[in-house]
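The values are calculated or read from the model by the stated rules, or taken from the named source; none is laboratory data. These numbers were taken from a predicted model, which means no experiment stands behind them. Using ideal geometry, Cβ is built from the backbone for each residue, glycine included, and neighbour counts are taken over all protein chains shown.
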Amino acid sequence: MFTGAMTALVTPMNQGTIDNNALEHLIEEQIQAGISALILAGTTGEAAALSFDERIALIQRTITITNQRIPIIAGAGHNCTQQAVDLSKAYEDSGVDGLLHVAPYYNKPTQQGLIKHFTTIADNVSVPIILYNVPSRTASDILPETTHHLANHPRIVGIKDATANLERGTELLSLLGNRMAVLSGDDFSALPLYSIGGQGVISVTANIVPSLIASMWIHVQNNNYKAARDIHYKVYQLTQLLFKESNPIGIKAALALCGKIKPEIRAPLCEATPLLQNQLKEILHTMELLP
C-alpha cells in the first residue's frame, strides 16, 4: 500500500513553536519533487519532544496543506500501549492515510509483548499501520518471526526496517513475500534493499534532495540500476554527515543553511556543532545546493 521514496519530514520551528509557513514550503517542495508519501511526527520530526496537542496540530496542518495530493503517515508510537491507541485514534479522526508505530522504547517488551502491543493498536483503528523497527533507539527488536505473525493482521501493511542489516532485510522479504511492504529505514541501505526486493525507503536525506531520492526509486522500477547507483553515491557523503550527530540535528542544520527553515531544534537535542555545519556547507556547495 505504501511504497516508493517517502520522506521522514522535519518539524520546522520558530521561537519554540511549529513554523507553519516553513512547513508549507517544505511540503510543496516534496510534492513537486515526486515523493511518494510524507511521514510526519517521526524520529526526524522530533516527535519525542512534541506534546500530543502539537503532534495532532502538525498532522492537521499538513493534511490541510497537502489536500489529498500525497499520502500522509503519522508517527503515533508510544511506549504505553493505551497512549499509542489514543494518539492513533486522534490522528485517524484528523484524516491521516496511515500510521507509523515504533517498537515500544525503554520498556524492553518480549516478542509476545510486541505482538500484543501492535495488535491492540491495529484492532482499535481502521487505517493501515507501518511497523518501525529501530533497535539502536528503542532497545527493542521486532524479530522477523514476530513481523511474520503480525502480517496476518489486515491493517498491518509494512515495516520500516532501520537495522541497516541486509541479512535481516533478506529474512524479512523471504518470510513475508507480498504480504507486507519491507521499507528501508536507513538511507545507506535503501538501494541495496531495493536490489533484493525492498519496496521503498523512509528517507531523511530526501528532506534536502527529494528529487534525487525519488529518482533513485524510479530508476530501480525501470531496472536502470546504473543510474540508481550514481544517485546512491552522489548523496552518500551528504548522508554520512546528516547522521554524524543525532538525527535530526544534521538535516535541520542542512535545511537551515539552505534557508529553508530556522536552525531550531528542541531540547534535549541541540543545534549542530560548528564543525558539522562547516562540513555540511562544503558538501552542499559541492552538490550545488549552496552558492
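Worth pointing out:
Yes/no matrix, rows are residues, columns are (1) hydrophobic (A, V, I, L, M, F, W, C); (2) touching a residue at least 60 places away in the same chain (Cβ under 8 Å); (3) touching a Ser or Thr at 6+ places or on another chain (Cβ under 8 Å):
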position: Asn222; (1), (2), (3): no, no, no
position: Lys244; (1), (2), (3): no, no, no
position: Gly250; (1), (2), (3): no, no, no
position: Ala254; (1), (2), (3): yes, no, no
position: Leu269; (1), (2), (3): yes, yes, yes
position: Thr273; (1), (2), (3): no, no, no
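- Looking only at residues in segment 169-201 that are touching a helix residue (DSSP H, G or I) at 6+ places or on another chain (Cβ under 7 Å) and among the charged types (D, E, K, R), the one that is farthest from Leu9 (Cα to Cα) is Glu171.
- Every pair of residues 6+ apart whose Cβ atoms lie under 7 Å, when the first sits in segment 131-144 and is assigned to a helix (DSSP H, G or I) while the second is of a type in the set (Asp, Glu): Pro135/Asp141; Pro144/Glu171
- Members of segment 51-72 that are among the aliphatic types (A, V, I, L, M) and either under 19 Å from Thr120 (Cα atoms) or in a helix (DSSP H, G or I) (or both): Ile56, Ala57, Leu58, Ile59, Ile63, Ile65
- Test for Thr110: is it farther than 26 Å from Ile63 by Cα, more than 17 Å from the chain's Cα centre (by Cα), crowded, with 16+ Cβ neighbours inside 10 Å and β-branched (Val, Ile, Thr): no
- Residues considered: Lys108, Lys89. Of these, the only one that is among the basic types (Lys, Arg) and outside any helix (DSSP H, G or I) is Lys108.
- Yes/no for Ile72 being over 26 Å from Leu150 (Cα atoms), modelled with pLDDT of 95 or more, surrounded by 16 or more Cβ atoms within 10 Å (Cβ to Cβ) and not aromatic (Phe, Trp, Tyr): no
- Residue count for segment 64-98, restricted to those that are touching a residue at least 40 places away in the same chain (Cβ under 8 Å) and over 17 Å from Ala47 (Cβ atoms): 4
- Test: residue in segment 91-98 that is under 23 Å from Ser184 (Cα atoms) and of a type in the set (D, E, K, R): yes
To keep it simple, each residue is scored yes or no on (1) of a type in the set (Gly, Ala, Ser); (2) surrounded by fewer than 19 Cβ atoms within 10 Å (Cβ to Cβ); (3) in contact with a strand residue (DSSP E or B) (Cβ under 6 Å, 6 or more places away or on another chain).
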{"residue": "Gly34", "(1), (2), (3)": "yes, yes, no"}
{"residue": "Glu46", "(1), (2), (3)": "no, no, no"}
{"residue": "Ser51", "(1), (2), (3)": "yes, yes, no"}
{"residue": "Gln68", "(1), (2), (3)": "no, yes, no"}
{"residue": "Cys80", "(1), (2), (3)": "no, yes, no"}
{"residue": "Gly95", "(1), (2), (3)": "yes, yes, no"}
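- If you go through segment 79-93 and keep only what is of a type outside the set (S, T, N, Q) and closer than 27 Å to Gln30 by Cα, you end up with Leu87, Lys89, Ala90, Tyr91, Glu92, Asp93.
- Options Pro263, Pro291: the member that is outside any helix (DSSP H, G or I), touching a Leu at 6+ places or on another chain (Cβ under 9 Å) and more than 20 Å from Gly185 (Cβ to Cβ): Pro263
- Top-ranked residue of segment 16-37 - restricted to ones that are touching a Ser or Thr at 6+ places or on another chain (Cβ under 9 Å) and outside any helix (DSSP H, G or I), ranked as nearest to Ile73 (Cα to Cα): Ala37
- Residue check, Gly77 touching a helix residue (DSSP H, G or I) at 6+ places or on another chain (Cβ under 7 Å), under 15 Å from Asn133 (Cβ atoms) and among the small types (Gly, Ala, Ser): yes
- Scope segment 187-197; condition crowded, with 23+ Cβ neighbours inside 10 Å and under 15 Å from the mean Cα position of the chain (by Cα); matching residues: Asp187, Ala190
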